[in-house]
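*Asks:* Here it is, the structure, as structure tokens.
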Amino acid sequence: MSGWDEVKAELRRFERTPDGWKQVGEPWPAVIGVSGAAWGRGLHGDGAPGGQDGPVKVEGDGRSPAGVFALGGSFGYDKAPPPGARLPYTRVDKDWLCIDDGKSSHYNQVLDTSGLKIDWDSFEEMRRKDELYRRVIVVDHNPEPEPGAGSCIFLHLWHGPGGGGTSGCTAMPPEPMEALLGWLDPAARPVYVLLPAAQATALRSAWALP
């Protein structure tokens, strides 16, 4: 993406080889938060790295977290994930929620809420009335949940190229999502990197980016 306020992004897959990074397949289009991106909490640390500026992610800001993040399990509407998918998979129903209320003991958790005592006022439905969450991969932003730092960040399906941005996730077409699920290997400890172009250039050497 071209800058902090940009909504359109380009996604690429890379594998590390003995000869360095190798791109896998072709890039594909995506959209991120409706307000762009902001430094998140992940493998790179908390907020902006040393020497970098830019906005910092907070709950409800409409920005996708920037930085380096582990990828967690996958969720969806179907009985099983696509053939060949290796990430842990959970089929969701109406009781599955992601809690985005910072006052809740379940903040930033995706869980089956049936039988739980409700201590939250806001949440994301994991079984939506549309197709956006038919395929979901969890982005491990704010892994030790800091209330207000942002929650419920996913890779998921988009409305379409003209459908606008997300509330803070990264959304993409169905075909690349299927390819991504068939390619990701949890044993390889895959990560998701989201950065504006200038920050990617500035951090390429320090972070050993492709």
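The values are calculated or read from the model by the stated rules, or taken from the named source; none is laboratory data. Model, not experiment: these values are computed from the prediction. Glycine gets a Cβ as well: all are built from the backbone with ideal geometry, and neighbour counts include every protein chain shown.
*Asks:* Within the bounds of segment 180-191, is there any residue that is among the small types (Gly, Ala, Ser) and closer than 28 Å to residue 58 by Cβ?
*Replies:* So far as segment 180-191 goes, no, none of its residues is among the small types (Gly, Ala, Ser) and closer than 28 Å to residue 58 by Cβ.
*Asks:* For residue 50, only one of the following conditions fails: (1) modelled with pLDDT of 95 or more; (2) closer than 25 Å to residue 198 by Cα. What is its number?
*Replies:* Failing condition for residue 50: (1).
*Asks:* Next question. If you go through segment 117-131 one residue at a time, how many are surrounded by 14 or more Cβ atoms within 10 Å (Cβ to Cβ) and either within 29 Å of residue 46 (Cβ to Cβ) or at pLDDT below 95 (or both)?
*Replies:* 5
*Asks:* Related question: Does residue 202 count as of a type in the set (Gly, Ala, Ser), closer than 26 Å to residue 54 by Cβ, surrounded by fewer than 19 Cβ atoms within 10 Å (Cβ to Cβ) and touching a residue at least 60 places away in the same chain (Cβ under 8 Å)?
*Replies:* Criteria met by residue 202.
*Asks:* If you don't mind, another one. Is it true that some residue in segment 151-166 is surrounded by 14 or more Cβ atoms within 10 Å (Cβ to Cβ) and over 18 Å from residue 9 (Cα atoms)?
*Replies:* Checking segment 151-166: at least one residue is surrounded by 14 or more Cβ atoms within 10 Å (Cβ to Cβ) and over 18 Å from residue 9 (Cα atoms).
*Asks:* Another one. Test of understanding: among 168, 150, 164, which residue is modelled with pLDDT under 95, small (Gly, Ala, Ser), touching a strand residue (DSSP E or B) at 6+ places or on another chain (Cβ under 9 Å) and over 20 Å from residue 88 (Cβ atoms)? Give the derivation first.
*Replies:* Working: 168 fails: modelled with pLDDT under 95; 150 fails: modelled with pLDDT under 95.
From the options 168, 150, 164, the qualifying one is 164.
*Asks:* Exactly one of (1) surrounded by 22 or more Cβ atoms within 10 Å (Cβ to Cβ); (2) at negative phi; (3) in contact (Cβ under 8 Å) with a residue 40 or more places away in the chain is unmet by residue 88. Its number?
*Replies:* (1)
*Asks:* Residues being modelled with pLDDT of 95 or more and either among the polar types (S, T, N, Q) or in a loop (DSSP other than H, G, I, E, B) (or both): count how many of those fall in segment 13-46.
*Replies:* Total meeting the criteria: 7.
*Asks:* Moving on to the next point. Sort out for me the strands (runs of 3 or more DSSP E) sitting completely within segment 96-175 that have 1 or more residues that are over 18 Å from residue 191 (Cα atoms) and over 15 Å from the mean Cα position of the chain (by Cα).
*Replies:* Once the strands (runs of 3 or more DSSP E) in segment 96-175 are filtered for at least 1 residues that are over 18 Å from residue 191 (Cα atoms) and over 15 Å from the mean Cα position of the chain (by Cα), what remains is 96-99, 110-112, 123-125.
*Asks:* What's the number of the condition residue 63 fails, among (1) surrounded by fewer than 22 Cβ atoms within 10 Å (Cβ to Cβ); (2) modelled with pLDDT of 95 or more?
*Replies:* Here residue 63 clears every test but (1).
*Asks:* Scan segment 48-95 for residues that are of a type in the set (A, V, I, L, M), part of a strand (DSSP E or B) and within 15 Å of the chain's Cα centre (by Cα) and report the count.
*Replies:* 4
*Asks:* Pairs under 7 Å by beta carbon, first residue farther than 19 Å from residue 139 by Cβ in segment 104-128, partner buried (at least 17 other Cβ atoms within 10 Å of the Cβ) and modelled with pLDDT under 95, six or more apart or different chains?
*Replies:* As it stands, the answer is none, since no pair meets every condition given.
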